[in-house]
Every structure is written in structure tokens, then in C-alpha cells.
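Novice: Next up is a structure, given as C-alpha cells.
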Amino acid sequence: MSENTSIERVVGIDLGTTNSLVAYMQGDQPVVIPGVDGSNLVPSIVALDPVDPAAESSRPTVTVGNTARRSLIATPERAIYSVKRLMGRGLEDVREELKLFPFHLAEDLQPGEVLRIRLGELTFTPPEISAYVLRQLKRNAERYFGSPVTKAVITVPAYFNDAQRQATRDAGRMAGLDVLRLVNEPTAAALAYGLDRAKEGIIAVYDFGGGTFDVSILKLNDGIFEVIATNGDTHLGGDDIDNLLSAVAIDEIFNDHGIDLRQQPDAIQAVRKAVIEAKIALSTQPAALLDLELPGGLRYQREIPRPVYEQLIAGVLARTAAPCRQAMADAGITPDQIDEVVLVGGSTRIPAVRTLVDQLFHLSARGKQPHTDLNPDEVVALGAAVQANILAGSSAVTDDLLLLDVTPLSLGIEALGGVVARIIQRNSTIPASATEHFTTGVDGQTNVAIHVVQGERELASDCRSLARFDLKGIPPMPAGLPRIEVKFLIDANGILQVSAREQRSGQQASIEVKPTYGLTDDQVETMILDSFDNAEADFEQRQLIEARLEAETILAAVAKAPENPAWQLLTPDEVGAIESTARALEAAKLGSDLAIIRLCVTALDQTTRRFAELMMDQAVSSAMRGKTMQVAGDQLHSSDTIHAPHQFAPAEFE
Amino acid sequence: MDTPRTNESNCWACHASLAASPLLCPHCGKVQPSAGINYFQAFAAVTGGQPLLTLDLAALEREFHRLSRKLHPDRFARASEGEQAWSLAATALLNDAYRALKDPVQRTEYLLELKGQGVGEQNAGRNKSADRQPPADLLEEVFELNMQLEELRMNQKMGEDDPALTADLTRAQAHFDGLLAQVDSDLASQAALWDSGDDTARAAALKSMASLLDRRRYLRNLVRDVKDALATPAL
Ligand SMILES: [Zn+2]
């Protein structure tokens, strides 16, 4: 351990299907760290900028978040979203996803190889794509603290299997992060809610996000958050609603206008963007209008009344009911025994989802309401920050808190006849272990193969293959005589560790692991992003680069400002002040004095303050007064109903 | 199983006695290597380190929480690698032990395993044939039941409904549920004998618990089959 660990902050990261966030503990409260654009959410979109022939680097620049979103429509073959769906998955698992998402797999992909996705002229594994998102969050945090950040807690869906967890941890490593812990998303949410109330009782967390669904039942007892059961579906989320609505619109466009958009990726993205906006509107309004300009100057306009919408999505929502019932059954409780329900994830804004939750947990019948007071998009990141603080041991607020989580899936080994012998049951508190004994079947045999699977089915072929372990170096003995003790241990991250020992000779048997869906350590090593990311010496340099990027973002916004009607309301003095501070920033950004660039950014932010207010006034209520452009953009987002189409409006993606 | 650790072990750091708390030094609070500690010893504060079958569940939970707070890897994120490894192993043992000891049946199974009367074959899982071997005194009833189950499945295939058969099977299910309850109460009596008896009585209790557990597993599978069959809707 390095000496400066004690002063270093540990951040909490929610690496989401649609949006990602980074948070930390500010005193007694977790807070989300905004990005350069002032937004708390970084859309989990990664894009390759078109290659600049003049650039020395042969690799194109990778952009992340809102910047990458623009590429999604302009150059869809160079952008990717929802890559979380592909983490830790094999070729044969993703056939369905490929029909619904514009993922282009590398043509030379071999069976059994980790997936690679084509972006422009390059290919990337899913952990690499996620690593770019993580690196952006890491940079946002470093910019915010003005010091390097290398340690993080990352959240994962509770129902993620071993391979999906390993892929997430690999992504962290590639991004230059030491991942101290993977925390289950619903558990993190419970932690965020439970922080300032010494509650006792049973709570259920219903976490319906962009691409995954989880439900966890926890027992709270004097600061101990003990998960008693969890269930879910790692391929069920708001994405599925978007895909459904898109498919309906594309069908209708074909039927009404004879235009087939299915082969036009840019048009599909435009439809997707429109249906997402409609979906968001339908959470607060009785109807929404889909209005799309089609190739050839035609228009597709379609009003979607909420009852029609709810009928369309009923099937998707209903898929969350079975995991909830199973979790309650596994926990040995009835809905009436649940004291509180916490809603997490953007999809829980949908009124029909709330109705379903109310029925599943008998809420209004018992005079109860679900907890929604924390922003459902942020609560997981906030909880991750709390867990980060627990691990850092850095403040008394979290001293008495402890998470005891469970493994979502049973662990088994393939026995004779392809039957699964379960060695660790699902919902076992982790860390959990099991010891098994193996022997040889042939005289002089020196190795034994063990196939480890995860899942609840009776046959190994129906479960998720985790890895094949090859125990080597067994001393040659008559068949059946060696006694090899194998210890399986699921650690606090939900990741399997295996060790083995031949008991008669006392020799440590060596184990070769062949992960079924995963990268080897050596492969991860080659994928670590920009090695300088770890080096503190380069930190100043990177700060400078980022300050320049920030300057460019603000200057670009100011350059566009005169197009806004609000500009006309400024006095000539105000316009003059903006123009002169903008010129100052232009000049500063060419130099390499970080402090001066930062100063000029702040100055420009100040002189544009009134313009930001005027712009807000036009779009929003007067509640936004007295905010700078960045803060106003931030607040604009947090108000649910308004989506102003200007530069500072952050992600509209749910 | 490794060589069982004696109750007289001492803390690696301060040499205090670990008799009452083998995973965590009661004197200096350091996490201890957990190799060779059995489940009952892990909860020495509740069991006195002895393989007892009658346990106070509330006390067990309190001790589980108390030790979790001290031993959990979350508490060792900044500790040395060695201590991290011990924390992981000790917490895994604590969790495994709590899971087994809080359930009377698993607790008994664990005791039998410890005493070399393990019920499970190596890697045999829960599908091993012994579970399908009916206890001698039940042969006749089980034969009858299987005939009825077969008939029910045939009916379901044909889309027919035979209320008399369903009623018979529901009665049979209740009957076997009753036998299961009897096994549980017999197990509890044997557990009491184990806890209080002399060596001879203990040996006898061990033997009868082993066969009671076999009977219990068989009955449980049977009841599950009947339940499943009755729950299957006719096509
Ligand atoms: Zn000590």
C-alpha cells in the first residue's frame, strides 16, 4: 500500500446501462460530482471521433457522454450505447440483443472468444467500452477534487453473474481504478436511504433501470443491512420499452408511408430519440406526440394516449413481478411483512410501474407509499459513495454501517451425467465458501477437470458456465487414491475464487482457469487505457488538457448564444463584458497556465450569469434565478417536465 | 477437515486465549487465521465451543452481527494483504457457520459430518439415489402413492379431471406432511439426548439422527412431488 492512501478519496460509481454517475461523501452526506457540462449524469455512450488525418496518433479520439450522443445520430456506426448488456456475455447469449440494438460485432470473432464490437475501423471488448465511461467519471472526479482519484466502489446489478462482475472489475482496472468493491445496486440504494435513519425492519428495493431489473429484500438492524434474498433479470429495463415503442413506430411508418427505416441506422436512432422523449412525457402527461421528419420530406405524427402506452408496455412491466414474488418466497416473507419499499431506477417514474409495485407489496392497502424522495437516477451512486466511505474508514458517520450481501445465483459443479451438484445455494451471505473433494479415475492420472456453473437448473447445460478448472500436478497414484480438496469461495464482490490441495501428499495443486466468458489477466493488462492515466507526474498535464476542453465547451456555447432570443435582452455593456471575457479565455486556453484558464472560465461564467437567467426565464419558471449557466443547466435537468433543447440541457435519456 | 483446532489456541498478536472467540481476539481485537475452526467453535460465545444442537437463535444472530462488524472484509480494505486474506476466510467461515447453525436440520447434518457420519456422498448433490430409496415401513404407502401420481399425470395429459383422485392425493399429502412433522419432533428429542447424554447415549443419538435425516429427505422429496403434481394444471 502506498503511504498516501489515508488521504486519498474513494469514490462511488454507478456504471449504468443508460447513464453513469460518480459520487463521494461530502462530510456526512453523499453528493454526485457533476461533469464539465454541469450535468450529474454521464450518458453511457461511447463514440469515436472521425479520424483527423493531421493527428499524429493513429487511433481516433474517443468521446463519452453527451458529446458522444451527437455521434449516435450523425455517425451511428461509430457510437455505442447500452454496452452493459454485453458485459460478461458470450456470442450465443447476445443473438436476441443484436436484433434490437445496433451493435456490430467484429467479423473475425471466434466462438468462445470475448465479444468485440466494431466502432468505425476499430474493435473493442465490452469492458474496454465501459472503461472509457469509467475513465470519464474518474476525470470528472479528479477535476472536481483537483487531485488524482484511483480507488473506487462500482455498483453492479444484484443479479449479475460471476462473468458479468469480473467484466465490470476488469473495466475498472482498464480505466486505472483500483476497484475496492463491487456493490449490488439495490443494496447501495438501501444504504443511501438508510444513512440518516436508524431504522429497523424489512425493506424491499425495486430497482428498474435502463437495462436491468433487480429486487432485493433486506433486514435492517442497528446499522447492519442484511440482504436476505435477491432476484432479478439482467436483461430487462427501460431499453426494452424504448425498443418496443421504436418497433411500433417503425412498423407504422412502413405501413402508412411505405418507408422502411429498418436498414437506416441514423433514422432508427432518430425514432429512438423521439420515443424516449414520448416515454418521459407520458410519465407526467395524459398523452404524448411522436413527431418525426421522414426521408423524402414526409412527416410521421402519432399521438400516444397514456392508456394505449400502458397497454403496450404491460408485458414488459409484468416481467418484474415474478422476480419480486420469488425474492419474497426465498426470504420466507409475505408482502404484508415488508415495512418499506424503495424505488430505484429511471423506469420507476412510469406511473404504471408504481401501480404494479403498489399491488405487489400491498402498499396503499396498508396505508403505505414507496420511498421516492431521493432522485431514482442518483440514489445508487449516492449509496456507492456511502459504501466507499465505509471502506475508506474515513468518517464516523459510516462507522456503524455494514452491508451483508448475498450471492444471487447458486454455485454448482458438473457431476456425472451432466447433473449439477449445488455447493453454494443462492441467497447465501457472502463471503461464502464450500469445500469439495475430488479424486482420479485412472491410475497415474495427474490432472482433474472441474466445470463450475451458476444457476438454478438441474442440468449443467442449462446453467451458466463460469469456468473450467484444471487441477494439475497431482502426484501419480492408483486411481481413487488421491484426495484433492478444492475450496470454492465467493468473495464480498460476488466473485468466485478457487484453491486446491492434494491431501495425501499435502501438495498445493496448481489450477489453470479457463473462464468461459472473460478476459485473462494478461488480456486485461494489454487493454489498460492510456498508461499515463495512473501516473501522478502527468496529472498536471491532464488537468490542463481538461481545463482546455472545458474552456472549449463554454466558448462554443457562448458562440451560439446570439442565436438565442434571450441574447437580445442583454444591455450593450453586458454583451461587451461577455465578449471581452470570452476573448480572454480564448487567449488563456492557448497558453499552458492552468490557474489562468480556470480563472477565465470562472469569469466567463460570471459575465454570462444574467444571460443564463434570461434564457431560463424563457424556458422555465423564475425558480431558476441567480444561477450561473452551468448550475441552471443542472437544475433544468432535475425538473422532470422540462427538456429545453439548448446547449446546457443534459441527457434526456432515462 | 483439517486437524481440529483445540480450544486452547492463542492470539497470534498478543497471545491471549482464544477459547471464547477463536476468530477474533477478545483481548486485542485482531482477526485470527480460521483454518481448522469448526462452525460450533466459530460461535463459541453461544455454544461454548461445543457441538450443541439446542441453540438460542436470538443469541446466535446477535453474535453473528457482532462478529460480522469486526471481521468483515469491509473493515480491512486498508489493512495488510495478510489480514485481508484472514478477514475474508474468517468471514466466509462465519457466514457458512451461521447459515448452517441457524437451521436445525442443517445444524444436525453438520454435526453428523463432523462426527464422520456424513450423510452426503462426495459431490453427490441432492439427487443421489439414497433419497429415492423409501424407508422400509413406508414401502406400501409409497407404492400406492406412486400409482396415484401416475394416474393423475395421465389424466392431466388427457385433459381429464378426477376430483376423487385429487382428494386422495391431497389427503396423502397431508398424511406425509404429518410424518415429516413427526420426523422433526423425533429429531428434536434426539438432539436433546445428544446435548445432555453420556458417550453411549450420544453415539445412539447420532445413529438415529442419521437415519431420521435420511427419512426426512425422502419424505420431503415425496411431498414436493405430490405438491408439484397437484399444482400442475390440466392441459
Ligand atoms: Zn490478541
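The values are calculated or read from the model by the stated rules, or taken from the named source; none is laboratory data. Since we're looking at a predicted model, the values are computed, not measured. Neighbour counts run over all protein chains shown; Cβ positions are idealised from the backbone, glycine included. What goes into the accessible areas is simple: the full protein's heavy atoms, side chains included, and nothing from ligands, DNA or RNA. Shrake-Rupley method; radii C 1.70, N 1.55, O 1.52, S 1.80 Å.
Novice: Residues to consider are A:ASP242, A:ASP260, A:ASP266; find the one that is assigned by TED's automatic domain parsing to the domain that holds A:TYR309, part of a loop (DSSP other than H, G, I, E, B) and within 20 Å of A:PHE103 (Cα to Cα).
Specialist: Numbers: A:ASP242 fails: part of a loop (DSSP other than H, G, I, E, B); A:ASP266 fails: part of a loop (DSSP other than H, G, I, E, B).
One residue alone meets the criteria, A:ASP260.
Novice: With respect to A:VAL179, determine if the residue is of a type outside the set (Lys, Arg) and surrounded by 22 or more Cβ atoms within 10 Å (Cβ to Cβ).
Specialist: On the way: of a type outside the set (Lys, Arg): yes; surrounded by 22 or more Cβ atoms within 10 Å (Cβ to Cβ): no.
Considered against the rule, which asks whether it is of a type outside the set (Lys, Arg) and surrounded by 22 or more Cβ atoms within 10 Å (Cβ to Cβ), A:VAL179 comes out as no.
Novice: Next question, about the same structure. Within the range A:373-387, is even one residue at pLDDT 90 or above, open to solvent by less than 30 Å² (accessible area, probe 1.4 Å), at the interface with chain B (Cβ under 10 Å from one of its Cβ atoms) and part of a strand (DSSP E or B)?
Specialist: no
Novice: Scan the range B:197-212 and give yes if some residue there is open to solvent by 60 Å² or more (accessible area, probe 1.4 Å) and either among the β-branched types (Val, Ile, Thr) or within 15 Å of B:GLN148 (Cα to Cα) (or both), otherwise no.
Specialist: Looking for residues that are open to solvent by 60 Å² or more (accessible area, probe 1.4 Å) and either among the β-branched types (Val, Ile, Thr) or within 15 Å of B:GLN148 (Cα to Cα) (or both), one finds at least one in the range B:197-212, hence yes.
Novice: Still on this structure, please answer the following. On the given criteria, is A:LEU409 within 14 Å of another protein chain (Cβ to nearest Cβ), within 28 Å of the chain's Cα centre (by Cα) and touching a residue at least 12 places away in the same chain (Cβ under 8 Å)?
Specialist: no
Novice: B:ALA167 versus (1) open to solvent by 80 Å² or more (accessible area, probe 1.4 Å); (2) at pLDDT 85 or above: which is the lone unmet condition?
Specialist: It is condition (1) that B:ALA167 fails.
Novice: Looking at (1) more than 14 Å from every other protein chain (Cβ to nearest Cβ); (2) in contact with an Asp or Glu (Cβ under 7 Å, 6 or more places away or on another chain); (3) open to solvent by 50 Å² or more (accessible area, probe 1.4 Å), which one does B:ALA19 not meet, given that it meets all the others?
Specialist: Of (1) more than 14 Å from every other protein chain (Cβ to nearest Cβ); (2) in contact with an Asp or Glu (Cβ under 7 Å, 6 or more places away or on another chain); (3) open to solvent by 50 Å² or more (accessible area, probe 1.4 Å), only one is false for B:ALA19: (3).
Novice: Do we have any residue at all in the range B:83-94 that's more than 10 Å from chain A (Cβ to nearest Cβ), surrounded by fewer than 23 Cβ atoms within 10 Å (Cβ to Cβ) and away from the ligand (no atom under 15 Å from the Cβ)?
Specialist: Yes; the residues of the range B:83-94 include at least one that is more than 10 Å from chain A (Cβ to nearest Cβ), surrounded by fewer than 23 Cβ atoms within 10 Å (Cβ to Cβ) and away from the ligand (no atom under 15 Å from the Cβ).
Novice: I'd like to know if the range B:44-60 contains one or more residues that are in contact with a Phe, Trp or Tyr (Cβ under 9 Å, 6 or more places away or on another chain), at pLDDT below 95, within 16 Å of the ligand (Cβ to nearest atom) and away from every other protein chain (no Cβ under 14 Å).
Specialist: no
Novice: Could you say whether any residue in the range A:47-58 is modelled with pLDDT of 85 or more and not basic (Lys, Arg)?
Specialist: yes
Novice: Could you list, in sequence order, all residues of the range A:211-224 that are open to solvent by less than 10 Å² (accessible area, probe 1.4 Å) and within 11 Å of chain B (Cβ to nearest Cβ)?
Specialist: The one that is open to solvent by less than 10 Å² (accessible area, probe 1.4 Å) and within 11 Å of chain B (Cβ to nearest Cβ): A:ILE224.
Novice: In the range B:8-74, which helices (runs of 4 or more DSSP H) lie fully inside it and hold 2 or more residues that are touching a Pro at 6+ places or on another chain (Cβ under 7 Å)?
Specialist: Because the criterion is at least 2 residues that are touching a Pro at 6+ places or on another chain (Cβ under 7 Å), the helices (runs of 4 or more DSSP H) in the range B:8-74 that meet it are B:39-42.
Novice: Scan the range B:69-82 for residues that are within 9 Å of chain A (Cβ to nearest Cβ), crowded, with 21+ Cβ neighbours inside 10 Å and over 21 Å from A:GLU8 (Cβ atoms) and jot them down.
Specialist: Residue satisfying the conditions is B:HIS72 alone.
Novice: Given the residues A:VAL179, A:VAL133, A:VAL153, which is the only one that is within 14 Å of the chain's Cα centre (by Cα) and within 14 Å of chain B (Cβ to nearest Cβ)?
Specialist: Exactly one residue qualifies, and that residue is A:VAL153.
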